[in-house]
Amino acid sequence: MTMQLSSFIKCCCSTAAAATYTSVLLFVVGCCFTATLLPGSSAAVATNTSTTSEEISGPSSSVARTAAGQQVVLVHGIGGGAWFFFEVVTLLNAAGFSATAVDLSSNGISKAIADDITSIEQYTQPLTDLLSTIDGQVILLGHSMGGGSISFAMEKFGPSKISKAVFLAAIMPTNGQTFFTSFPPTCFPRLIGAKDLFLHHADGSPGPTSIRANNSQLGFFAFNQSPLQFTTLAQSLFTPTPYRPGLETLNLSTASYGSIRRFYIRTGQDRAILPSEQEEILKANPPERIFELHTADHMAFFSAPIQLFATISYISTL
């Protein structure tokens, strides 16, 4: 039996409404499914935003076999934390993966002060410390600006540690870029102009030292398809993110960063990094394959957790 991923996901979602995670997972692992891909490869990405489907089916046990022993580390973006991924981590671990998420410095439960952090090394230290303790290879997933954080880790650890990198509605830097210059040029000015994001200047600083989300507008620009309770949760848990690490130039080599397989997951209802802006990211640095969660907002782990879990699971089999 084979299924289109879109049909597979609809079944998962309808099942999820009336079943426990365990029941959903048995359904997920027990099915074969087809990935919905955008046209694109390591050589080229389509010049328009229309999507096509490519049939990629496998045996019903492929995800379960692949999950055993596979380690997945998930990395948040601006304002977030490990709490972003609680549903997806639960699903992955129940399916047999070893999944964890990190709080980068000053975010989540980190006690660091965002305004005091000046380098990528400082900001990503919780991630690099974690990777240093893990035996074997991992799949890294970075969300939003977390794409810059995992790119730094990809260069630092290389393919011997990182088997695959997954960019979820994320920046995907090239050598010589910064976190901020790897965003499309329209993105930050639009968000700051709309007061979705605020820049903070610490006392005596000539430039911004931290960046934070406008809690009163989260439901519009970030959680527009997510259940309301997650907007309420975010308004309590979002924290400032260091600004100055985002100005640091990334040195990304072909031998390290460039030799790790990259996958991109687009979010079709995203108002933070618009679908058209994600297309610009993909054209600038084409990954191996591109997936799309058509109904997801920027916070796909809240608006489409089953779909995201299914897509990560599928990528693990490739």
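Screening L318 against (1) over 23 Å from V138 (Cβ atoms); (2) touching a residue at least 24 places away in the same chain (Cβ under 8 Å); (3) not in a strand (DSSP E or B) leaves a single unmet condition, (1).
This table checks each residue for (1) buried (at least 21 other Cβ atoms within 10 Å of the Cβ); (2) among the aliphatic types (A, V, I, L, M).
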| site | (1), (2) |
| --- | --- |
| G79 | yes, no |
| L92 | yes, yes |
| G96 | no, no |
| A99 | yes, yes |
| V102 | yes, yes |
| I113 | no, yes |
| D116 | no, no |
| I120 | yes, yes |
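All but one of (1) in a loop (DSSP other than H, G, I, E, B); (2) buried (at least 24 other Cβ atoms within 10 Å of the Cβ); (3) of a type in the set (V, I, T) hold for I150, so report the exception by its number. Every condition holds for I150 apart from (1). Considering only the range 231-243, I want to know if a residue exists there that is within 22 Å of E155 (Cα to Cα) and out of contact with any helix residue (DSSP H, G or I) (no Cβ under 8 Å at 6 or more places or on another chain). No: zero hits. A Cβ distance below 8 Å, combined with a sequence gap of six or more or placement on separate chains, defines the contacts here; from the range 128-139, residues that are touching a residue at least 24 places away in the same chain (Cβ under 8 Å) reach residues that are of a type in the set (S, T, Y) and part of a helix (DSSP H, G or I) in the pairs I139/S316. Scanning the range 205-232 for residues being of a type in the set (G, A, S) and more than 15 Å from Y243 (Cβ to Cβ) gives a total of 4. Checked against the criterion of being exposed (fewer than 14 other Cβ atoms within 10 Å of the Cβ) and touching a residue at least 24 places away in the same chain (Cβ under 8 Å), the range 170-181 has at least one qualifying residue.
If the condition is being crowded, with 18+ Cβ neighbours inside 10 Å, farther than 14 Å from I171 by Cα and among the aliphatic types (A, V, I, L, M), then the range 253-273 contributes only I260.
Scanning the range 204-223 for residues that are under 18 Å from S106 (Cα atoms) and surrounded by fewer than 20 Cβ atoms within 10 Å (Cβ to Cβ) returns P208, R212, N214, N215. Considering T254, T239, the condition of being free of Cβ contacts under 8 Å to residues at least 12 places away in the same chain and β-branched (V, I, T) is satisfied by T254 alone.
To keep it simple, each residue is scored yes or no on (1) touching a residue at least 24 places away in the same chain (Cβ under 8 Å); (2) in contact with a His (Cβ under 8 Å, 6 or more places away or on another chain); (3) under 24 Å from S316 (Cα atoms).
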residue: E87; (1), (2), (3): yes, no, yes
residue: L92; (1), (2), (3): yes, no, yes
residue: G96; (1), (2), (3): yes, no, yes
residue: G108; (1), (2), (3): yes, yes, no
residue: S119; (1), (2), (3): yes, no, no
residue: Q122; (1), (2), (3): yes, no, no
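Since every read-out is calculated from the coordinates, none of them should be taken as a lab result. Please read these numbers as outputs of a predicted model, since none were measured by experiment. Cβ: placed from backbone, ideal geometry, glycine included. Neighbour counts: every protein chain shown.
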